[in-house]
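Asks: Sharing a structure below in structure tokens format, with a few things to ask.
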Amino acid sequence: MPCGLILPIMSDGRGARILPWCLPLLLLALWWGATAFRLTPEWLLPSPAGVARTMFAYVAGNTSVPYGGRFWSDAAASLWRVACGFTLAAVPGLVLGLWSGRSATIARLLSFSINGVKSVPGISWLPLALIWLGVGFMTTVSLIALAGFFPIYFSAAAAAASVPQNLINAGRMLGLSRVKLFAKMILPWSMPQICAGLRVALGMSFAYLVLGELTGVPDGLGALIMDARMNGRVDVLLSGIVLIAVLGGICDGLLVRFLSRLPGVAR
Amino acid sequence: MKEYFCCRGLRKSYGPHTVLPGIDITLGQGSITALIGASGCGKSTFLHVVAGFVPMDAGAMLLEGTPCGEPGPDRVMVFQDDALLPWLNVRENVEFGLKTAGMAPALRQERVRHILMQVGLEPWANALPSELSGGMRQRVALARTLVLRPKLLLLDEPFAALDAITRSRMQRLLADLQIQTGVTVLLVTHDVSEVCLLADTIHLMGTGRGIVDTWTVAAPRPRDPDDPAFSQLKVQIRAKLEALADDGRVSCKKYNQQPIENY
């Protein structure tokens, strides 16, 4: 049956629940096929079952075996770094973004500097961060904060600048003060774009988490991946990648759930 | 006519372009006054100055003998694009101004219920604006302003984006609501039929010239849009509009943009 007929059927009812799993299942099937028919050597691409066993041991296994049961401490360390870095990105990103979206003076003041710094790849800051802040927590958090700042800043600025003038006028005629105008009109109006920016920034936080943790920190999922590479354990490396994806997905889901309760998101 | 609202020598310029060269206008209590003119002639700018959204360069505005300037719930506007809050439902949108004014919940809920009934939107009280048609959204915008019981209702081409049948229904609704509430209305439009149907006084504006002609319509409302008595008036207004359009004056539209700075 052609895709044009299958996709509309899958897009509603029970099909809608199956649809998100189609692509991962296809990749899993290809992976399984490649290992079952020995298209690649085991040391280069372990089987899905082998990776699942390794992952289970890493999450729930005995701590006496290598990597066994280390997941919870690694995940806690990584999530703490993401939380700190993301907060450091979100607070100034939102404040400066909303401000520059509503004030041409602030936008002019910031635009040259922010556009310039934005163009520098995040990885370029790594050597400087290592010299200034050393290996570990501070370097990772600063990289996450730097990466997450820009999508939040630009989405907040664009959203605040897009508030229709008539909406502002309506607020003024209905008797809103400047502070209430911001809280009850500008902020709720900007929420959908701000949410998109925050979600992009959270995704980038996980990407830069791994970059920061590859530099020799003792714990964290990025450290696990680096350690597995040094030991030639592709099964552990793939487990780390899959678990980062799972953690990233869960965090994104929690963020969406939190944001959906704020005024202005549902419309 | 007893002065309820009046402007004296109201001037507004954007750079070298004079949009309002000194407007004098008087509105009687409970009247509907219409401003008609080509796009960019300054009628919307005038309405925005009256609402207090745009500061005037010179002149005076008096409402019930008291000077007015800053925006407030005594002079409220219905915009062409409705300007509803998309994250609030119909009831919350209508209630918004009363809540801001600090009215007691029981009283404001009663007022909201009453006005929603008047505009025929009670069954849609819990609907979001995105779930409504253009005409229904404009009815919400009308309800949001009338619930405040304003002294002056400003209408900035409120029905221009609606289809012919919905526009006709909205015009009848406005006429009915005006009779019920007795609110004083200043209507800006470029629809000749609309002014004949609704207005007691019609002012014609020319680009950069201010008010160039005025007609008074004595017929009581509600009026029949097909009444032959209006035909002569429509012809006169259209002839004047065409004469003004041919005089070659440049529209001031591009100078009317408000900067976003300092909302």
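Asks: I'd like the residue in region B:113-147 that is under 23 Å from B:ARG75 (Cα atoms) and outside any helix (DSSP H, G or I) and, out of all such residues, is modelled with the lowest pLDDT.
Replies: Restricting to residues being under 23 Å from B:ARG75 (Cα atoms) and outside any helix (DSSP H, G or I), the top hit is B:VAL119.
Asks: Quick one: in region A:150-177, of everything that is within 18 Å of B:GLY102 (Cβ to Cβ) and part of a helix (DSSP H, G or I), which residue is farthest from the other protein chains (Cβ to nearest Cβ)? Show your work before the answer.
Replies: So the first thing to find is which residues in region A:150-177 are within 18 Å of B:GLY102 (Cβ to Cβ), and the list is A:171-177.
Subset that is part of a helix (DSSP H, G or I): A:171-173.
Numbers: A:GLY171: 9, A:ARG172: 4, A:MET173: 5 Å.
Ranking the candidates gives A:GLY171 first.
Residue by residue, here is whether (1) free of Cβ contacts under 8 Å to residues at least 12 places away in the same chain; (2) touching a Leu at 6+ places or on another chain (Cβ under 6 Å) holds:
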site: A:VAL179; (1), (2): yes, no
site: A:ILE186; (1), (2): no, no
site: A:TRP189; (1), (2): no, no
site: A:PRO192; (1), (2): no, no
site: A:SER205; (1), (2): no, no
site: A:TYR208; (1), (2): no, yes
site: A:GLY212; (1), (2): no, yes
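Asks: I've got another one for you. Check every one of the strands (runs of 3 or more DSSP E) wholly within region B:178-246 and list those with 1 or more residues that are open to solvent by less than 70 Å² (accessible area, probe 1.4 Å) and small (Gly, Ala, Ser). Working first, answer last.
Replies: Values: elements: B:184-189, B:201-206, B:210-216.
Hits in region B:178-246: B:201-206, B:210-216.
Asks: Sticking with this one: Quick test of your reading of the structure: B:ASN262 fulfils all but one of (1) at pLDDT 90 or above; (2) within 14 Å of another protein chain (Cβ to nearest Cβ). Name the failing condition by number.
Replies: Unmet condition: (1).
Asks: Then there is this: Does B:PRO150 satisfy being outside any helix (DSSP H, G or I) and within 14 Å of chain A (Cβ to nearest Cβ)? First the steps, then the outcome.
Replies: Working: outside any helix (DSSP H, G or I): yes; within 14 Å of chain A (Cβ to nearest Cβ): yes.
Yes.
Asks: Determine, yes or no, whether B:LEU107 is surrounded by fewer than 18 Cβ atoms within 10 Å (Cβ to Cβ), at pLDDT 95 or above and of a type in the set (A, V, I, L, M, F, W, C).
Replies: yes
Asks: Looking at B:ALA83, B:ALA58, B:ALA51, can you tell me which residue is touching a strand residue (DSSP E or B) at 6+ places or on another chain (Cβ under 7 Å) and within 9 Å of chain A (Cβ to nearest Cβ)? Before you say what the answer is, go through the steps one by one.
Replies: Values: B:ALA83 fails: touching a strand residue (DSSP E or B) at 6+ places or on another chain (Cβ under 7 Å); B:ALA58 fails: within 9 Å of chain A (Cβ to nearest Cβ).
One residue alone meets the criteria, B:ALA51.
Asks: Checking B:ILE165 against (1) more than 16 Å from the chain's Cα centre (by Cα); (2) crowded, with 20+ Cβ neighbours inside 10 Å; (3) β-branched (Val, Ile, Thr), only one condition comes out false. Which one?
Replies: (2)
Per-residue answers, yes or no, for (1) surrounded by fewer than 21 Cβ atoms within 10 Å (Cβ to Cβ); (2) over 15 Å from B:VAL90 (Cα atoms):
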residue	(1), (2)
B:GLN118	yes, no
B:GLU122	yes, no
B:ASN126	yes, no
B:GLU131	yes, no
B:MET136	yes, no
B:VAL140	no, no
B:LYS151	yes, yes
B:ASP156	no, yes
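Asks: From (1) facing another protein chain (nearest Cβ under 9 Å); (2) more than 22 Å from the chain's Cα centre (by Cα), pick out the condition that doesn't hold for B:ALA106.
Replies: The one condition B:ALA106 does not meet is (1).
Asks: Could you give me the residue pairs with C-beta distances under 9 Å whose first residue belongs to region A:65-77 and is of a type in the set (Lys, Arg), whose second residue is open to solvent by less than 10 Å² (accessible area, probe 1.4 Å) wherever it lies, and which are 6+ apart or on separate chains?
Replies: A:ARG70/A:TYR58; A:ARG70/A:LEU224
Asks: Exactly one condition in (1) surrounded by 12 or more Cβ atoms within 10 Å (Cβ to Cβ); (2) in a helix (DSSP H, G or I); (3) within 14 Å of chain B (Cβ to nearest Cβ); (4) modelled with pLDDT of 95 or more is false for A:THR105; which is it?
Replies: The single condition A:THR105 does not satisfy is (1).
Asks: Any residue in region A:184-192 that is within 14 Å of chain B (Cβ to nearest Cβ), more than 21 Å from A:PRO151 (Cα to Cα), surrounded by fewer than 20 Cβ atoms within 10 Å (Cβ to Cβ) and over 22 Å from the mean Cα position of the chain (by Cα)?
Replies: no
Asks: Is it fair to say A:LEU254 is away from chain B (no Cβ under 14 Å), in contact (Cβ under 8 Å) with a residue 40 or more places away in the chain and in a helix (DSSP H, G or I)?
Replies: no
This table checks each residue for (1) open to solvent by less than 20 Å² (accessible area, probe 1.4 Å); (2) at pLDDT 95 or above.
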{"site": "A:ALA156", "(1), (2)": "yes, yes"}
{"site": "A:SER177", "(1), (2)": "no, no"}
{"site": "A:ARG199", "(1), (2)": "no, yes"}
{"site": "A:VAL210", "(1), (2)": "no, no"}
{"site": "A:ILE225", "(1), (2)": "no, no"}
{"site": "A:ALA228", "(1), (2)": "yes, no"}
{"site": "A:ALA266", "(1), (2)": "no, no"}
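Asks: Between A:GLY97, A:GLY134, A:GLY93, A:GLY85, which is on the phi > 0 side of the Ramachandran plot and open to solvent by less than 70 Å² (accessible area, probe 1.4 Å)? Don't jump to the end; show me each part of the working.
Replies: Values: A:GLY97 fails: on the phi > 0 side of the Ramachandran plot; A:GLY93 fails: on the phi > 0 side of the Ramachandran plot; A:GLY85 fails: on the phi > 0 side of the Ramachandran plot.
Unique residue meeting the criteria: A:GLY134.
Asks: For A:VAL82, only one of the following conditions fails: (1) out of contact with any Cys (no Cβ under 9 Å at 6 or more places or on another chain); (2) part of a helix (DSSP H, G or I); (3) among the aliphatic types (A, V, I, L, M); (4) in contact (Cβ under 8 Å) with a residue 60 or more places away in the chain. What is its number?
Replies: (1)
Asks: Would you confirm whether or not region B:75-86 contains a residue that is more than 30 Å from A:GLY264 (Cα to Cα) and polar (S, T, N, Q)?
Replies: The answer is no; no qualifying residue exists.
Asks: Keeping to region A:82-128, report how many residues are hydrophobic (A, V, I, L, M, F, W, C) and closer than 24 Å to A:GLU213 by Cβ.
Replies: Residues flagged as hydrophobic (A, V, I, L, M, F, W, C) and closer than 24 Å to A:GLU213 by Cβ within region A:82-128 amount to 14.
Asks: Sort through B:ARG209, B:ARG221, B:ARG137 and tell me the only one that's within 14 Å of chain A (Cβ to nearest Cβ), among the basic types (Lys, Arg) and more than 14 Å from the chain's Cα centre (by Cα).
Replies: B:ARG137
Asks: Right, something else. Pick from B:THR145, B:THR166, B:THR100, B:THR66: which is free of Cβ contacts under 8 Å to residues at least 40 places away in the same chain, within 30 Å of B:LEU10 (Cα to Cα) and of a type in the set (Val, Ile, Thr)?
Replies: B:THR66
The values are calculated or read from the model by the stated rules, or taken from the named source; none is laboratory data. This one's a predicted model, so the numbers in the text were calculated from it and none came from an experiment. As a convention, Cβ positions derive from the backbone with ideal geometry for all residues, glycine included, and neighbour counts pool all protein chains shown. Keep in mind that these areas ignore ligands, DNA and RNA; they rest on the heavy atoms of the full protein, side chains included. Shrake-Rupley method; radii C 1.70, N 1.55, O 1.52, S 1.80 Å.
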